[in-house]
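Following: one structure in structure tokens, then a few remarks.
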Amino acid sequence: MATPIRKFTKLSFVIILLISFLTFLKGDELGELKRSSMTLYFQDYFGGPNATMKPVTFSADAWSFKQFGTIFCTDDPITVTMDQGSAEIGRAQGIYVTSALDGSNSHVLISLVFTNKEFGGSTLEVQGASKQFERVREVAVVGGTGKFRLARGYATFETVHLDLSLSYSIIEGNFTVWHYKNDRNTL
Ligand SMILES: *[C@@H]1O[C@H](CO)[C@@H](O)[C@H](O)[C@H]1NC(C)=O
Ligand SMILES: *[C@@H]1O[C@H](CO)[C@@H](O)[C@H](O)[C@H]1NC(C)=O
């Protein structure tokens, strides 16, 4: 006959099994981990009456992308093709800070706020040091919401068009993210 101690051990074992099973079920709600890639374009107006990027704090030396400490606020339209007039699928909202003393790095803190049918209500969070004067800049994707819950990955940015007279540039962003796919996620 089992002693009370043995009974207790058996009971604990059953409880641990049950907890593991429930944890497994809960984990399963997230669905399977999936890798997605997409190319997006940021329509960046860095001057003029309809600027989508503006310096918000700067030193007495006036603002400059190279001036350490200059903070820029941004709300760039995001499109799926390079064309200036192509349909907007979201906005790149956040801040950039010239974070290296010699001006070479910019610290990027932006949310991709999607508004299209497919990803509307979801966001991707981009954060990290960007070697702002290099042709291709790589920055981490550190999270997301909605369809991009628990997203992790990276993005490369390349300025594919620059018109100084119009203070207009187009930045191509290639995103590679791992995120959970669930039933409501059609990505
Ligand atoms: C700024 O936006 C307004 C309203 O959409 C538009 O009429 C105007 O042409 C724009 N100006 C420039 C310089 O793009
Ligand atoms: C980004 O993706 C586009 C389209 O696939 C490709 O042409 C381009 O070379 C990529 N850029 C980088 C820096 O990998």
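The values are calculated or read from the model by the stated rules, or taken from the named source; none is laboratory data. Quantities reported herein were computed from a predicted structural model and do not represent experimental measurements. FYI the Cβ positions are ideal-geometry reconstructions off the backbone, even for glycines, and counts take in every protein chain you see. Just so you know, the surface numbers come from the protein's heavy atoms only, side chains and all, with ligands and any DNA or RNA stripped out. Shrake-Rupley method; radii C 1.70, N 1.55, O 1.52, S 1.80 Å.
A few remarks follow.
- Check on Thr115, open to solvent by less than 50 Å² (accessible area, probe 1.4 Å) and either away from ligand 1 (no atom under 16 Å from the Cβ) or within 30 Å of Trp63 (Cα to Cα) (or both): no
- Where Gly47 falls short, out of the listed (1) under 18 Å from Thr159 (Cβ atoms); (2) of a type outside the set (Val, Ile, Thr); (3) open to solvent by 40 Å² or more (accessible area, probe 1.4 Å); (4) in contact (Cβ under 8 Å) with a residue 24 or more places away in the chain: (3)
- Flag if Ile19 is modelled with pLDDT of 95 or more and either more than 16 Å from ligand 1 (Cβ to nearest atom) or hydrophobic (A, V, I, L, M, F, W, C) (or both): no
- Given (1) closer than 19 Å to Gln43 by Cα; (2) loosely packed, with under 15 Cβ neighbours inside 10 Å, number of the condition Ala155 does not satisfy: (2)
- Of the listed requirements (1) within 16 Å of ligand 1 (Cβ to nearest atom); (2) under 25 Å from Val141 (Cα atoms); (3) open to solvent by 50 Å² or more (accessible area, probe 1.4 Å), Thr81 misses just one: (1).
- Against the conditions (1) assigned to a strand (DSSP E or B); (2) out of contact with any Asp or Glu (no Cβ under 6 Å at 6 or more places or on another chain), Lys147 satisfies every one except (1).
- If you check Ile110, Ile170 for being assigned to a strand (DSSP E or B), crowded, with 16+ Cβ neighbours inside 10 Å and within 16 Å of ligand 1 (Cβ to nearest atom), only one passes: Ile170.
- Residue within segment 92-99 that is within 23 Å of Phe68 (Cα to Cα) and within 16 Å of ligand 2 (Cβ to nearest atom) present: no
- Matching option when the condition is more than 14 Å from Ile171 (Cβ to Cβ), of a type in the set (A, V, I, L, M, F, W, C) and part of a strand (DSSP E or B), among Ile78, Ile95: Ile95
- The lone exception for Val142 - which of (1) of a type in the set (A, V, I, L, M); (2) within 16 Å of ligand 2 (Cβ to nearest atom); (3) surrounded by fewer than 16 Cβ atoms within 10 Å (Cβ to Cβ); (4) within 19 Å of Gln93 (Cα to Cα) it fails: (2)
Residue by residue, here is whether (1) outside any strand (DSSP E or B); (2) in the same structural domain as Asn105 (by TED's automatic domain parsing); (3) within 14 Å of ligand 1 (Cβ to nearest atom); (4) basic (Lys, Arg) holds:
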position: Thr39; (1), (2), (3), (4): no, yes, no, no
position: Asn50; (1), (2), (3), (4): yes, yes, yes, no
position: Ser59; (1), (2), (3), (4): yes, yes, no, no
position: Phe68; (1), (2), (3), (4): yes, yes, no, no
